[in-house]
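Engineer: A single structure is presented below for examination.
The values are calculated or read from the model by the stated rules, or taken from the named source; none is laboratory data. Just so you know, these numbers come straight off a predicted model, no measurement behind them. Cβ placement follows ideal geometry from the backbone for every residue including glycine, while neighbour counts extend to all protein chains displayed. For accessibility, only protein heavy atoms count, side chains too; no ligands or nucleic acids. Shrake-Rupley method; radii C 1.70, N 1.55, O 1.52, S 1.80 Å.
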Amino acid sequence: QVQLVESGGGLVQAGGSLRLSCVASGRTFSTSVMGWFRQAPGKEREFVAAISWSGGSAYYEDSVKGRFTISRDNAKNTAYLQMNSLKPEDTAVYYCAARRGYGSTLPADFNSWGQGTQVTVSS
């Protein structure tokens, strides 16, 4: 099993930026695809972004395209989510996730999860 630990959440004003990090340990071969999800109070957990092993393929939920950038550094077993031009509607707990092989962007297709980091955007 792979263990994932997120960090970098916090409180920012609308229009600000934040960078989340996710460090993987254990069975890191199970991180062919890494992704970020978020869950706001009373809402379903939703897909934000995902990235392939090589970093050559990245996918984003429509509302974050052009604002968020996902990346990974395999030498450090770390994935990142750079969030710019943050909006109040981005407020949520952000979760790092990983899977091996093919799958959709549904949470059920990711089988390793971090504990989450809170992102709050004011205004």
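Engineer: Could you pull out the residue among Asn74, Asn111, Asn84 that is touching a Ser or Thr at 6+ places or on another chain (Cβ under 8 Å) and either of a type in the set (Ser, Thr, Tyr) or more than 15 Å from Leu18 (Cβ to Cβ) (or both)?
Structural biologist: Testing whether each residue is touching a Ser or Thr at 6+ places or on another chain (Cβ under 8 Å) and either of a type in the set (Ser, Thr, Tyr) or more than 15 Å from Leu18 (Cβ to Cβ) (or both) leaves just Asn111.
Engineer: Next up: Only one residue in Glu44, Glu6 is in contact with a Ser or Thr (Cβ under 8 Å, 6 or more places away or on another chain) and of a type in the set (Asp, Glu). Which one?
Structural biologist: Going through Glu44, Glu6 in turn, the sole match is Glu6.
Engineer: Quick one: what pairs do we get from segment 5-20, first residue at positive phi, second open to solvent by 30 Å² or more (accessible area, probe 1.4 Å) and among the charged types (D, E, K, R), C-beta under 7 Å, 6+ apart or different chains?
Structural biologist: Short answer, once both residue conditions are applied: Gly8/Arg19.
Engineer: Hey, can you tell me all the residues within segment 84-99 that are part of a loop (DSSP other than H, G, I, E, B) and open to solvent by 20 Å² or more (accessible area, probe 1.4 Å)?
Structural biologist: Asn84, Ser85, Lys87, Thr91 - these are the residues of segment 84-99 that are part of a loop (DSSP other than H, G, I, E, B) and open to solvent by 20 Å² or more (accessible area, probe 1.4 Å).
Engineer: Still on this structure, I have one more. What single numbered condition from (1) of a type outside the set (Ser, Thr, Tyr); (2) surrounded by 17 or more Cβ atoms within 10 Å (Cβ to Cβ); (3) more than 14 Å from the chain's Cα centre (by Cα) fails to hold for Ala108?
Structural biologist: Condition not satisfied by Ala108: (2).
Engineer: Please enumerate the residues belonging to segment 20-53 that are of a type in the set (Ser, Thr, Tyr) and within 17 Å of Arg67 (Cα to Cα).
Structural biologist: Result: Ser21, single match.
Let's see how each residue does on (1) open to solvent by less than 10 Å² (accessible area, probe 1.4 Å); (2) within 12 Å of Asp90 (Cβ to Cβ); (3) in contact with a helix residue (DSSP H, G or I) (Cβ under 9 Å, 6 or more places away or on another chain); (4) touching a residue at least 12 places away in the same chain (Cβ under 8 Å):
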residue: Thr28; (1), (2), (3), (4): no, no, yes, yes
residue: Thr31; (1), (2), (3), (4): yes, no, yes, yes
residue: Glu46; (1), (2), (3), (4): no, yes, yes, yes
residue: Trp53; (1), (2), (3), (4): no, no, yes, yes
residue: Gly56; (1), (2), (3), (4): no, no, no, no
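Engineer: Sticking with this one: Among residues belonging to segment 73-83 that are of a type in the set (S, T, N, Q) and more than 17 Å from Gly9 (Cβ to Cβ), point out the one that is surrounded by the most Cβ atoms within 10 Å (Cβ to Cβ).
Structural biologist: Taking the candidates together, the pick is Asn77.
Engineer: So, in segment 17-26, how many residues would count as being surrounded by 16 or more Cβ atoms within 10 Å (Cβ to Cβ) and either of a type in the set (D, E, K, R) or not in a strand (DSSP E or B) (or both)?
Structural biologist: Residues in segment 17-26 being surrounded by 16 or more Cβ atoms within 10 Å (Cβ to Cβ) and either of a type in the set (D, E, K, R) or not in a strand (DSSP E or B) (or both): 0 in total.
Engineer: I've got another one for you. Among (1) farther than 18 Å from Gln3 by Cβ; (2) open to solvent by less than 50 Å² (accessible area, probe 1.4 Å); (3) β-branched (Val, Ile, Thr), there is one condition Thr69 misses while meeting the rest; what is its number?
Structural biologist: (2)
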